[in-house]
Amino acid sequence: MKGLIQRVSHARVEVSGQSVGAIEHGILLLLGVESKDNRESADKLLHKVLNYRIFPDENGRMNHNVQQAAGGLLVVSQFTLVAETERGLRPSFSRGASPQHAEGLYDYFLERANAEFTPVASGIFAADMQVSLLNDGPVTFMLET
């Protein structure tokens with residue numbers, strides 16, 4: 001499972017011109033699910049996302065996690081994160097999970113996130129989404145399990 005996290009001042013996701021999820025400062029997580037992923041992968045990634053220290057402490061050092069920074073979490077499914085790009089000029093998605101498997105793990109991830117953290121917002125799985133954000137820093141990390 002792959003998660004691209006960005007520290008944001010604000011972020012929102014729209015579907016068909018309607019806002020479906022938004023946060024003020026916090027983490028925008030673009031979530032990619034591979035065929036080998038399972039609930040354990042989702043649990044490990046969620047733990048990393050919620051505890052990764054990317055927010056400044058009183059000395060300006062990245063020592064606080066999203067919970068300590070009182071931020072939000074916006075989760076957006078993004079299958080292109082699992083693309084194989086090592087060779088050629090066209091991405092391959094052979095590592096990607098089937099839509100059913102990916103949606104099940106995406107839903108599970110959101111369920112667990114909502115049980116452990118607030119506020120959590122999300123996009124809509126497999127929808128054509130428009131994501132807007134103000135990257136704070138910029139601070140961006142790829143997390144994998």
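Readers should treat all values here as calculations from the given coordinates under stated rules, not as data from a laboratory. All values reported here derive from a predicted model rather than from experimental measurement. Positions of Cβ are backbone-derived with ideal geometry, glycine not excepted, and every protein chain shown enters the neighbour counts.
Based on the alpha carbon coordinates of the chain, what radius of gyration and maximum Cα-Cα distance (Dmax) apply, in Å?
Final numbers for Rg and Dmax: 14.9, 46 Å.
Among Met1, Met129, Met62, Met142, which comes first, then next, by fewest other beta-carbon atoms within 10 Å? Show your work: numbers first, answer last.
Working: Met1 27, Met129 17, Met62 14, Met142 11.
Sorted ascending by nearby Cβ count, the order is Met142, Met62, Met129, Met1.
Let's test the formula: R0 of 35 Å, r as the Cβ-Cβ distance of Tyr108 and Asp57. What FRET efficiency results, to the nearest 0.05?
The computed FRET efficiency comes out at 0.60.
Quick one: grab the alpha carbon gyration tensor of the range 1-58, order the square roots of its eigenvalues as a ≥ b ≥ c, and give me rounded if a/c is under 1.5, else prolate or oblate depending on whether a/b is larger than b/c.
Oblate.
Roughly how many nanometres apart are two label points built 7 Å out from the Cα toward the Cβ at Gln67 and Thr80?
Simple spin-label model gives 3.3 nm for this pair.
Below 8 Å between Cα atoms, with a sequence gap of 6+, how large is the relative contact order for the range 1-69 in percent?
Reported as a whole number, the value is 28 percent.
When only C-alpha pairs under 8 Å and at least 6 residues apart count, what is the relative contact order of the range 2-138, in percent?
36
Which percentage, to the nearest 5, of the DSSP beta bridges contained in the chain is antiparallel?
Antiparallel bridges make up about 75 percent of those DSSP assigns within the chain.
Please order His25, His47 by the number of other Cβ within 10 Å, starting at the fewest.
His47, His25
Which of Asp37, Asp128, Asp107 has the fewest other C-beta atoms within 10 Å, and how do the rest follow up to the most?
Ranking Asp37, Asp128, Asp107 by Cβ neighbours within 10 Å, fewest first, gives Asp128, Asp107, Asp37.
For the chain, with only Lys/Arg (+1) and Asp/Glu (-1) charged at the beta-carbon, what is the dipole magnitude about the Cα centre, in debye rounded to 20?
Computed charge dipole of the chain: roughly 300 debye.
Rounded to the nearest 0.05, what FRET efficiency do Gln130 and His101 give with R0 = 25 Å and r taken as the Cβ-Cβ distance? Could you check?
After rounding, the FRET efficiency stands at 0.45.
Find how much the distance from Val15 to Glu144 grows on full extension, using 0.36 nm per residue of separation minus their present alpha carbon separation; answer in nm with one decimal.
Values: separation 129, 0.36 × 129 = 46.44 nm, distance 2.71 nm.
The Val15-Glu144 span can extend by a further 43.7 nm.
Identify, among Leu46, Ala70, Phe141, the residue whose Cα sits farthest towards the positive end of the charge dipole of the chain, taking +1 on the Cβ of Lys and Arg and -1 on the Cβ of Asp and Glu, with the dipole about the Cα centre.
Phe141
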